[in-house]
Amino acid sequence: MAVGCLAALPAVAQDESEDVSYPQLLDFSTSTKASAISEGDRRLGLTDRSTESNEVGLDIKPEWVWQLSPHWRSKLRLQAFAATGQVDVSDEIGGTETDGFFALREAWFDYNGLTAYPGESIRFGRERLKEGTGTWWDDDITLVRWIFDTTLLDTTVGVADKMSEARTDVNELPKEEQDIARFFASTRWQWRKDHYLTFLTTHAERYGDREDLRPDSESGTPARVPGSLTWVGFRADQAYFDWHSRSTVQYLASFAAVAGTDARLSEDPAAANGFTREERDVSGWAADLGLRAQLVESPRWVVGVHGAMASGGEKPGESDAFRQTQMESNRSRFTGTRSQVARFGEAIQPEWSNLKVATVYTALTDRDWWAANLLYHKYWLSDVSGTVISDLVEPGFTGTSDDLGESVDMVLGYYGARDTGTWSDIDARIRAGVFFPGDAYGDDADSARHRVVLDVTKRF
């Protein structure tokens, strides 16, 4: 998978003697997804108001790819979503609850006339910026970037700004995401067959007025607002995210660090504006180690283990907690199958911060048509006095135990034929997870919290 290259089609090479008219529609498709979503209480029974829900949703995504000229290409991708009630769409656009919206997902132009090399181009507009792990980048964002894609080396460098969510149900970005310019770069080198080294960096710089850091009506008081933060990361893997791989043993080793400054905001009824702001120095780190073994070649049966840790801890004016880039999804093909799986659990989906996670999984797949994944996660807090941020579960910690809990996930997928023009072009997927809160939530918490999502997708 080329780092950072999304929906990339080969450049159209035309004989200069041919009479070609532009623009040309290279591709048009529409995916229509019907979903059934069932979730347990996000507050784990610790408050009187339950948030359990059982809803259905419909998601339509049309997209077009044009060749505008021999060197110019463009893509447009839209989305319409509707549900019978408030549901979380964290697997699609980021952790917000909604019952419907129209959205602009992608709208970009790509120019490959800089050099004669076919894998080099400049791209600008709104794009899904993504890398293999999903723990760094997997978000729709406005950007300009240079792409260099070869057999052995994939590189991208660019700048980005999340100017808006481009959704009709979101009036403005949360305060912690407003007025932040981002520089990003990655290089993935295949130093020997199926063995890769990847270097990543991201810098976030807030250019807005400091006085704008205050509660707003939609998102309340932002807990952490970036000031000037820099992330650097290194990863070594053996085609760990390649679901076509036939390797008998595969490894993943990644390390990331963040440093800089941010602002912590907290409610303060005694303050004139209702909150206090604390400027902090930030220094945190995170690591993820994984090992997978193939037991049977066809159908492919694998077993794997992971150990992940992200630092926690803070004191006045300083935070030692690792935090992610705010462009992550934490969803990838890390089980060795075609299935996109939440790295830290389908029913809790925490941010990779102040967290220790031990994961054991097994998966069975024919690589192309179907996949079955079964996972177990065990969680601990890195710092008992800290917390863990999740789009699906509210903290409610007692501060007396580091035992966050455990979870079990099952992800099943069937992937229909492509370009057949028949009703066999249907995907079906079920993502089911159960989170069992640990002692960190106290004795009054619910014994379990579930999230089950059934998706059926038809592509036209």
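The values are calculated or read from the model by the stated rules, or taken from the named source; none is laboratory data. These figures come from a predicted structure and were not determined experimentally. With ideal geometry, Cβ positions are generated from the backbone for all residues, glycine too; neighbour counts draw on all protein chains shown. Only protein heavy atoms, including side chains, enter the accessible area calculation; ligands, DNA and RNA are left aside. Shrake-Rupley method; radii C 1.70, N 1.55, O 1.52, S 1.80 Å.
Quick look at the values:
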{"read-out": "Of all accessible heavy-atom area on the range 51-145, the percent that carbon and sulfur account for (1.4 Å)", "value": "63 percent"}
{"read-out": "Accessible area of the range 231-302 belonging to carbon and sulfur atoms, whole % at 1.4 Å probe", "value": "61 percent"}
{"read-out": "Surface share of carbon and sulfur [accessible, 1.4 angstrom probe, percent] for the range 313-460", "value": "57 percent"}
{"read-out": "Of Asn54, Thr135, Gly438, farthest towards positive along the dipole that unit charges on Lys, Arg, Asp, Glu beta carbons give the chain", "value": "Thr135"}
{"read-out": "Å² of accessible area per residue within the chain, as computed with a 1.4 Å probe and no ligands counted", "value": "44 Å²"}
{"read-out": "Listed peptides 318-331, 160-173, 75-88 by packing density, highest first (mean Cβ within 10 Å)", "value": "318-331, 75-88, 160-173"}
{"read-out": "Shape box of the range 327-460 [Cα atoms, principal axes, largest first, Å]", "value": "58, 28, 23"}
{"read-out": "Of Phe234, Leu295, Ile426, farthest towards positive along the dipole that unit charges on Lys, Arg, Asp, Glu beta carbons give the chain", "value": "Leu295"}
{"read-out": "Per residue convex hull volume, Cα atoms of the range 28-141, in Å³", "value": "124 Å³"}
{"read-out": "Lysines whose Cα lies under 29 Å from that of Lys61, excluding same-chain neighbours fewer than 8 positions away", "value": "Lys33, Lys75, Lys130, Lys162, Lys175, Lys458"}
{"read-out": "Over 18 Å [Cα-Cα, the range 289-358], rounded percent", "value": "50 percent"}
